[in-house]
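Reviewing the structure listed below.
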Amino acid sequence: MIKKHDHPKAEIKANGDKRVADSNTASLPAASPFEPEGLRASNGSPLPAPAVTEKVKPASDINKKKEIVPAPIKGEFGATKKSGMQKFMDALNGFGLGKEKAHFVENLAILLNSGLTVVDALKTIELELRLKPMKKIVRKIIEEVESGIALWRAMDNQNFFSPYALSLIRIGEEAGSLSKNMEYLSLQQEKDRSLRSKVKMAMIYPSIVLTMTIVITLGLAWFVLPQLVGVLLSLNAKLPLVTRMIIVIANFFKEHGIVAVPLFAAAMLFIVLICKFTRLRGPAQMFVFRLPGIGTMAKSATIAQFGVILGSLLRAGVPLVESIRSMANVTDTVYYRKFYERLASEIEIGESFGKAFEALKETKNLIPISVQQLIVTGEKSGKIADMLMRIADIYEKKAEEAAQRLPVVLEPILLMFIGGLVGTIAFAIIVPIYSIVGSVGR
């Protein structure tokens, strides 16, 4: 037994129940000769070991673990800004896997709702896959989930899924409602795919007509017109300006057609890639938004996407600022994405939607006044998520109606273009012939 005077920096109370250490006791090293292990009170009962002194974390650090940390603007959910080449490579890597991605989400929602664990559901989906690229992605997700990584993080590491989907899955995991959020994501994904399909179907007819027009024009310039040039020149008559222009075009294709046509096709492909993966994408998109028929449909579809994504994220419990930024990350239209980023910044500093809309000058060009009023009303009533879903339903119907009207609007324009082209060629050929026949008759 160690007596009281044997430990100069400790004091045993008279009742022997407690040991009170002074301020220097906590700083004793572990190998100190005054190691308190085995100390006993005067009644023979063992004294408890001294508490190990640790650096106390601030309460704010502890609370941070319990709250849902909003995703940062960049770096979360693959939201880092990418160069045009990186976007192009991502598009190539995901080429042909759009349907597989949709089926993955649908099947995962069904299996989770049936009671399977995440790993078992993923393994079941892997067995059904046929495409090797998609199977490889799912296999990597399974390995990461089995190693203890959260599902949303494992999916994010594949650089394959949208920030919108990742946000819903993350919130579902943290709130314990993963199966519910997956089912909701599957339904919204189906609606979005249905709208895109209708828009594509509406564009098929105009695209076919326009493509055939270009092919026929090139065919006439390359094969038919060179045969007529000799006839026109043999007339030895004064040729109209249109005829002389046709002759120049025909001679050009006759001498350089083998090189010119492939170069023309390559130039068209290059322009498409430039407008899709560089800074010219924004102006190109705004040009499309101003086209008759197509612009109305594109704007309605964009507003519908705005309502669906933001409304579903808020319903799932994602914080407002994070929801807007996730929506910005998943939006393809450049000007709308920049608008959403500025809107998130305004909301983050405490502004309401009404004041934020007033502060952003581009609001009136991108968001209709009626939509702004509905959002402000929903914010005041505390039902902004329901109001956004209502906006999505309204503009989804408008986009569908615009898609159905699009062929009706474009058909006369294309017919006028084709008719003007054919009429110009006929005029250039027939007028010189009639002038010669008329002169012979006189």
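Tabulated results
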read-out	value
Pairs beyond 24 Å (Cα-Cα), from LYS101/LYS198; LYS99/LYS200; LYS355/LYS397; LYS276/LYS397; LYS338/LYS364	LYS355/LYS397; LYS276/LYS397
Whole-number percent relative contact order across region 189-442, with pairs defined as alpha carbons under 8 Å at least 6 apart	32 percent
Quarter of Cα convex hull surface for region 189-442, i.e. mean projection, nm²	17.9 nm²
Over region 294-442, volume per residue of the alpha carbon convex hull, in Å³	140 Å³
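Each reported figure results from applying straightforward, stated rules to the coordinates on display, with no laboratory input. Since the model is a prediction, treat every value here as computed from it, not as a measurement.
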